[in-house]
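The values are calculated or read from the model by the stated rules, or taken from the named source; none is laboratory data. Values in this document were obtained by computation on a predicted structure and should not be read as measured data. As a convention, Cβ positions derive from the backbone with ideal geometry for all residues, glycine included, and neighbour counts pool all protein chains shown. Remember, those area values only see protein heavy atoms, side chains included, never the ligands or the DNA or RNA. Shrake-Rupley method; radii C 1.70, N 1.55, O 1.52, S 1.80 Å.
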Amino acid sequence: KANENPNLLLYKLQSSAYKFSWALIPISTPFVWLLFAWKRRYKVYDHAVFVTYSLSFMSLMVIALTVLGEIGIPGGLIALSAMLVPPLHMYRQLRGAYGIGRLSALVRLTALLIFAFWALSAYLFLLITMGVLG
């Protein structure tokens, strides 16, 4: 069906993306746990709160950038913001939430960016699988 009507598949993916965005929390939490696996001070709940806050920020950022694009802000500036703001926010959030130093935050940020790519890939795979099979 996906080959016959790719527009329907795209519509299904778009309508499912926001409905299942909550799935990013359980997908992402184990990755954040890996950053602090040897520290018994932080529990899975702490990491889930970190992920939820981060995803909320990212959602608001996407909304803000979309609105800015609609009011005429140049696409290059929006793209630059979309690439620079998430790592800056993640760095600050790591330092604030876990009380770690600059170097530790930079090392963990590097790993977190890789983990975020994997989590997003898993989420997109889930959406595409549901869209094609559903």
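Tell me, which residue of the range 12-66 that is open to solvent by 50 Å² or more (accessible area, probe 1.4 Å) and outside any helix (DSSP H, G or I) is nearest to Leu77 (Cα to Cα)?
Filtering first and then ranking leaves Phe20.
Filtering the range 99-119 down to residues that are of a type in the set (A, V, I, L, M, F, W, C) and free of Cβ contacts under 8 Å to residues at least 24 places away in the same chain, which residue is nearest to Tyr42 (Cα to Cα)? Don't jump to the end; show me each part of the working.
Just the residues of the range 99-119 that are of a type in the set (A, V, I, L, M, F, W, C), to begin with: 100, 103, 105-107, 109, 111-119.
Subset that is free of Cβ contacts under 8 Å to residues at least 24 places away in the same chain: 100, 103, 105-107, 109, 114, 117.
Working: Ile100: 13, Leu103: 19, Ala105: 16, Leu106: 19, Val107: 18, Leu109: 17, Ile114: 21, Phe117: 23 Å.
Among them, the one singled out is Ile100.
Report whether or not Leu106 is modelled with pLDDT of 95 or more, surrounded by 13 or more Cβ atoms within 10 Å (Cβ to Cβ) and in contact with a helix residue (DSSP H, G or I) (Cβ under 9 Å, 6 or more places away or on another chain).
Working: modelled with pLDDT of 95 or more: yes; surrounded by 13 or more Cβ atoms within 10 Å (Cβ to Cβ): yes; in contact with a helix residue (DSSP H, G or I) (Cβ under 9 Å, 6 or more places away or on another chain): yes.
Yes; evaluated as a whole, the condition is true for this residue.
Scan the range 121-134 for residues that are in contact with a helix residue (DSSP H, G or I) (Cβ under 8 Å, 6 or more places away or on another chain) and over 13 Å from Phe20 (Cβ atoms) and jot them down.
Kept after step one, since they are in contact with a helix residue (DSSP H, G or I) (Cβ under 8 Å, 6 or more places away or on another chain), are these residues of the range 121-134: 122-123, 126-128, 130-132, 134.
Selection gives Val132 alone.
Kindly indicate which of Ile100, Ile78 is assigned to a helix (DSSP H, G or I) and open to solvent by less than 60 Å² (accessible area, probe 1.4 Å). Steps first, please.
On the way: Ile100 fails: assigned to a helix (DSSP H, G or I).
Just a single option satisfies the conditions, and that option is Ile78.
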